[in-house]
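The values are calculated or read from the model by the stated rules, or taken from the named source; none is laboratory data. Treat the numbers as computed from the prediction; the structure is a model and nothing was measured. Methodologically, a virtual Cβ is constructed for each residue, glycine included, from the backbone with ideal geometry; neighbour enumeration extends over all protein chains shown. The area values use the complete protein model at the heavy-atom level, side chains included, leaving out ligands, DNA and RNA. Shrake-Rupley method; radii C 1.70, N 1.55, O 1.52, S 1.80 Å.
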Amino acid sequence: METTTTPLLPGDRSRCGWLRRRLRLKNPLSSELSGAVGDLGTFIPIVLTLTLVSNLDLSATLIFTGFYNIATGLLFDIPMPVQPMKSIAAVAVSESPHLTPSQIAAAGASTAATLLLLGATGAMSFLYNIIPLPVVRGVQLSQGLQFAFTAIKYVRFNYDTATLKPSSSPRTWLGLDGLILALAALLFIILSTGSGNDRDAEEGGDLAAETSSNERSQSRRSRLRLLSSIPSALVVFVIGLVLCFIRDPSIFKDLKFGPSKFHILRITWDDWKIGFVRAAIPQIPLSVLNSVIAVCKLSSDLFDKELSATTVSVSVGVMNLIGCWFGAMPVCHGAGGLAGQYRFGARSGLPVVFLGIGKLIVGLVFGNSFVRILSQFPIGILGVLLLFAGIELAMASKDMNTKEESFIMLVCAAVSMTGSSAALGFGCGVVLYLLLKLRTLDSSSVTLFSRSNDGSQVDSEAAPRSV
């Protein structure tokens, strides 16, 4: 029997080519898998706390965020993270009375609608293009250092799920979630990844010019290559999962197989008012700055690929306008998660696709009972992962080359960290930037150009660096 093959249409070929490009590894598979868990240092503690304190639907959160991970990994072709909206989470569990799941959903949907509107109208791209670069660096520096400070507290102190913060009781040295375990994980990651500089191997190659022993330089290059091939974050995370069952063997009998039942939340008018006023208002500026503007700039720094602020903003809006109605946690993208995944080896969109598949499997197989495993995960290990993510994000500010740029950046970061508000630091940074420009303004700069002695037209002042 003769068989015929239907040729692919031009549109089919282009779609296949697009998909093949998105599914191509840019780093060894072990490194990409390690990078996939690079942002779980923030994801797990917040999800665990919201599940225990605010009755978050864990199954819906895992399933929807799994779909989000897969979609964003294919869409952006970089390890675009899907992280909790931190300000909403903090308000939900730290203020009394605690927010209900319907109020949390209302806050997430309100924030999503705002970002969707800003993206669809082009307002987000306008903001991205006019905001001075030192101000963005100040926001990134403050966020990175706050992650790092929180990570160190996770390592040093026990974690209080009722407040979403480390408690005042110090962590013991011994035990399955002790200081020794966290320090061992820290040393292992440092030895295997070094400073996270991709040029480590190349620096090893330069040793041939610095030493007369080619054999020694070759040995050092081989050792660096071997160490960098270890998926350190993935190894540490798997060890943490194993320790969950060792710490509490009763987990085995408490696990229930099969997804939890889906339901659509009933959100009243009072829920909308409370969610918007108490949680969405502080979250919106943070999402604009850290989830869109800082992410777009960081993607350019790390991947030489500048994302569209419009696309990123619309992405955040669409995700939450779907999932929040089913009780899923409000989520956004985040510069800290992107830095963490990059730090541990993620270079393409595939790591978050792998992570999304993992979340889908867990959500469909274990449902809400998976909280029993999360509740026993060593928080000290999560602190170690979060520490490297925070440092990587803060290091994005290293390109401030002039004293004026550094001054603006540091003031913006200091105000953000002291007031615990990225919006406040951002506002102060913009005002400071304008004041410094006003100080150097003269009458000739009104025309933006001045004439040199030879009559040629030159810039009266160097154009300000913007995002």
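In the range 79-99, the residue that is farthest from LEU40 (Cα to Cα) out of those that are touching a Lys or Arg at 6+ places or on another chain (Cβ under 8 Å) and buried (at least 17 other Cβ atoms within 10 Å of the Cβ) is LEU99.
Can you confirm whether the range 301-310 contains a residue that is open to solvent by less than 70 Å² (accessible area, probe 1.4 Å), modelled with pLDDT of 95 or more, assigned to a helix (DSSP H, G or I) and closer than 30 Å to PHE126 by Cβ? Yes - at least one qualifying residue is present in the range 301-310. Going by the conditions given, is LEU360 modelled with pLDDT of 95 or more and more than 28 Å from PRO285 (Cβ to Cβ)? For LEU360, the condition - modelled with pLDDT of 95 or more and more than 28 Å from PRO285 (Cβ to Cβ) - is met. Within the range 231-259, being in a loop (DSSP other than H, G, I, E, B) and farther than 19 Å from LEU387 by Cα holds for ASP248, PRO249, SER250, LEU255, LYS256, PHE257, GLY258, PRO259. Is it true that SER102 is out of contact with any strand residue (DSSP E or B) (no Cβ under 6 Å at 6 or more places or on another chain) and open to solvent by less than 10 Å² (accessible area, probe 1.4 Å)? It is false that SER102 is out of contact with any strand residue (DSSP E or B) (no Cβ under 6 Å at 6 or more places or on another chain) and open to solvent by less than 10 Å² (accessible area, probe 1.4 Å).
Note on the range 126-168: among residues that are small (Gly, Ala, Ser) and either in contact with a His (Cβ under 8 Å, 6 or more places away or on another chain) or at pLDDT below 90 (or both), the one that is farthest from ALA89 (Cα to Cα) is SER168. Here ALA394, ALA422 are screened, and the one residue that is at pLDDT below 90, within 30 Å of ALA148 (Cα to Cα), surrounded by 20 or more Cβ atoms within 10 Å (Cβ to Cβ) and aliphatic (A, V, I, L, M) is ALA422. In the range 183-196, the residues that are at pLDDT 95 or above form Cβ pairs under 8 Å with partners that are open to solvent by 30 Å² or more (accessible area, probe 1.4 Å), at six or more places apart or across chains, as follows: ALA185/ILE239; LEU186/LEU387; PHE188/VAL235. Listed by first and then second residue, the pairs with beta-carbon distance under 6 Å, at least 6 apart or on different chains, first residue in the range 419-440 and free of Cβ contacts under 8 Å to residues at least 40 places away in the same chain, second buried (at least 18 other Cβ atoms within 10 Å of the Cβ) and in a helix (DSSP H, G or I), are LEU424/VAL415; CYS428/VAL415; LEU432/ILE408; LEU432/VAL411. Counting the residues of the range 280-296 that are in contact with a Cys (Cβ under 6 Å, 6 or more places away or on another chain) and open to solvent by 10 Å² or more (accessible area, probe 1.4 Å) gives 0. Of the residues making up the range 58-104, those that are over 17 Å from the mean Cα position of the chain (by Cα) and not in a helix (DSSP H, G or I) are GLU95, SER96, PRO97, HIS98, LEU99, THR100. All of ASP442, ASP454, ASP459 fail the test of being at pLDDT below 90, out of contact with any Ser or Thr (no Cβ under 9 Å at 6 or more places or on another chain), more than 30 Å from THR193 (Cα to Cα) and surrounded by fewer than 18 Cβ atoms within 10 Å (Cβ to Cβ), apart from ASP454. Just to be sure before I move on: is LEU265 surrounded by fewer than 22 Cβ atoms within 10 Å (Cβ to Cβ), touching a Pro at 6+ places or on another chain (Cβ under 8 Å) and either in a loop (DSSP other than H, G, I, E, B) or among the basic types (Lys, Arg) (or both) in the structure I sent? Yes, satisfied. Identification of helices (runs of 4 or more DSSP H) wholly contained in the range 105-193 with 1 or more residues that are surrounded by fewer than 22 Cβ atoms within 10 Å (Cβ to Cβ), among the hydrophobic types (A, V, I, L, M, F, W, C) and in contact with a Leu (Cβ under 6 Å, 6 or more places away or on another chain) yields 133-156. Restricted to helices (runs of 4 or more DSSP H) entirely inside the range 333-374, those with at least 1 residues that are of a type in the set (Gly, Ala, Ser) and open to solvent by less than 10 Å² (accessible area, probe 1.4 Å) are 335-343, 350-366.
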